[in-house]
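Single-structure report; data block below.
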Amino acid sequence: MRPALCILALPLLALASCQSEPKTPPAQGQSALDVMERVAVGANNCWIKSGDPAFGAYSMAPELNSFSGKPRILLVRKGSSDIRPLLVVQAEGRPARLDAFGPMMNEPVAPRIAADVRRWSGGAKGC
């Protein structure tokens, strides 16, 4: 490079070195509440309100405002005085870790529950 061009390039290099690097948001992932809100909407629309026969005998109880840091939804037998949940889907942490458990996870519908929850937690909205 010619000396004259080097002298002209020095101020540009100095200016470029002073520029701050673009900031990227920290990769923290979705909160448990964010994920469970999506799962609750999907479960309510696709399992409960749709009249799906696999879930016709159940009602849903969302418990999203949890002081334990584990927002969850519960499926209980509709019209029964036994209020023990048959399905619990909960999340905790950031990024959210999902868990589904209860007697329904030992039934033939369990693979579908797992697939639906996984899909809704990833942002899908359809049934």
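The values are calculated or read from the model by the stated rules, or taken from the named source; none is laboratory data. Quick caveat: nothing in here was measured; it's all calculated off a predicted structure. Every residue, glycine as well, gets a Cβ built from its backbone with ideal geometry; the counts of neighbours run over all protein chains shown.
Observations, loosely collected:
- Within the set Ala110, Ala115, the sole residue that is under 22 Å from the mean Cα position of the chain (by Cα), at pLDDT 95 or above, loosely packed, with under 13 Cβ neighbours inside 10 Å and farther than 19 Å from Ser31 by Cα turns out to be Ala115.
- Residues in the stretch 58-68 that are part of a loop (DSSP other than H, G, I, E, B) and surrounded by 13 or more Cβ atoms within 10 Å (Cβ to Cβ): 2 in all.
- Residue count for the stretch 26-54, restricted to those that are in contact (Cβ under 8 Å) with a residue 24 or more places away in the chain and in a helix (DSSP H, G or I): 16
- Lone qualifier among Val35, Val109 - being in contact with a Ser or Thr (Cβ under 6 Å, 6 or more places away or on another chain) and β-branched (Val, Ile, Thr): Val35
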